[in-house]
1. Would you kindly calculate the mean projected area, averaged across all directions, of the convex hull enclosing the Cα atoms of segment 28-160, in square nanometres?
2. Could you list the chymotrypsin sites (Phe, Trp or Tyr not before Pro) in segment 65-162 that lie in coil according to DSSP, counting only those with at most 12 other Cβ atoms within 10 Å of their Cβ?
3. Could you work out how far apart the two model spin labels at residue 146 and residue 126 are, taking each label as a point 7 Å from the Cα in the direction of the beta carbon, and quote it in nm?
4. For segment 88-101, take each phi angle, set θ = phi - 60°, evaluate the Karplus expression 6.51 cos²θ - 1.76 cosθ + 1.60, and give the result in whole Hz per residue in order, putting x for glycine and proline.
5. In sequence order, what are the phi-derived ³J(HN,Hα) couplings for segment 41-56 according to the Karplus relation 6.51 cos²θ - 1.76 cosθ + 1.60 with θ = phi - 60°, rounded to whole Hz, with x for glycine and proline?
6. Relative to the present Cα-Cα distance, how much length would full extension add between residue 158 and residue 63 at 0.36 nm per residue of separation?
7. Simple spin-label model, 7 Å along Cα-to-Cβ: residue 40 to residue 94 in nm?
8. Rounded to the nearest 20 debye, what is the charge dipole size of segment 28-160 about its Cα centre when +1 sits on each Lys and Arg Cβ and -1 on each Asp and Glu Cβ?
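Bear in mind these aren't lab numbers, they're just calculated from the coordinates by the rules spelled out. Given the structure is predicted, the values throughout are model-derived calculations rather than measurements. Backbone-built Cβ (ideal geometry, glycine too); neighbour counts: all protein chains shown.
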Amino acid sequence: MNNIKALLIWLMISLFSINAFAENAMTSAELIDKGDQAFAVGQFKQALIDYQNASPTAENTTALYIKIARCFQYIGIQSSALAVTDKILAETPDQIDALLIQGEIAEANENFEQALTLYQRAEKIDSTNRAVYHNQANVLRRMGRDSDAEKALSNIKKQIFK
């Protein structure tokens, strides 16, 4: 009799816990929003956790993985950021944000030629992307190619003052 009573109590607690968990469970969209809020204030580890707990859907897969890659990059886990962007680029070779992340990591590691190649590849995909020219200008300056850096910056000015 005591075993049955204990079993009933355990079942009631379990059902209550499952219901409470279901009520507290966040949707993927809510987790992504929570991650975005953490990211915006520089809490990249928390953002990464939220993004990783969100289930990718057809509408957000690439965007979610870009956010995950950025978190890894900003936390300093470059190998994971590169692995995520490699996966993205294998599926979507013209994904500019993935190219920019890879270029920024190459530049941070002083692989300037590789960074420039990645930025130029991004430019061929979208010649109106200001971040592409900004990153190009930065790496060109670091390479001592100031006149080329000025040309990259002039492309930004042309877009701003159209």
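1. Result: 8.3 nm².
2. Qualifying residues, ordered by number: 161.
3. With each label point 7 Å from Cα toward Cβ, the separation is 3.2 nm.
4. 4, 5, 5, 8, 9, x, 9, 7, 5, 4, 5, 5, 5, 4
5. Ordered by residue, 3J(HN,Hα) equals 9, x, 8, 5, 5, 5, 4, 4, 4, 5, 5, 5, 7, 7, 8, x Hz.
6. 31.4 nm
7. 3.1 nm
8. For this selection, approximately 320 debye.
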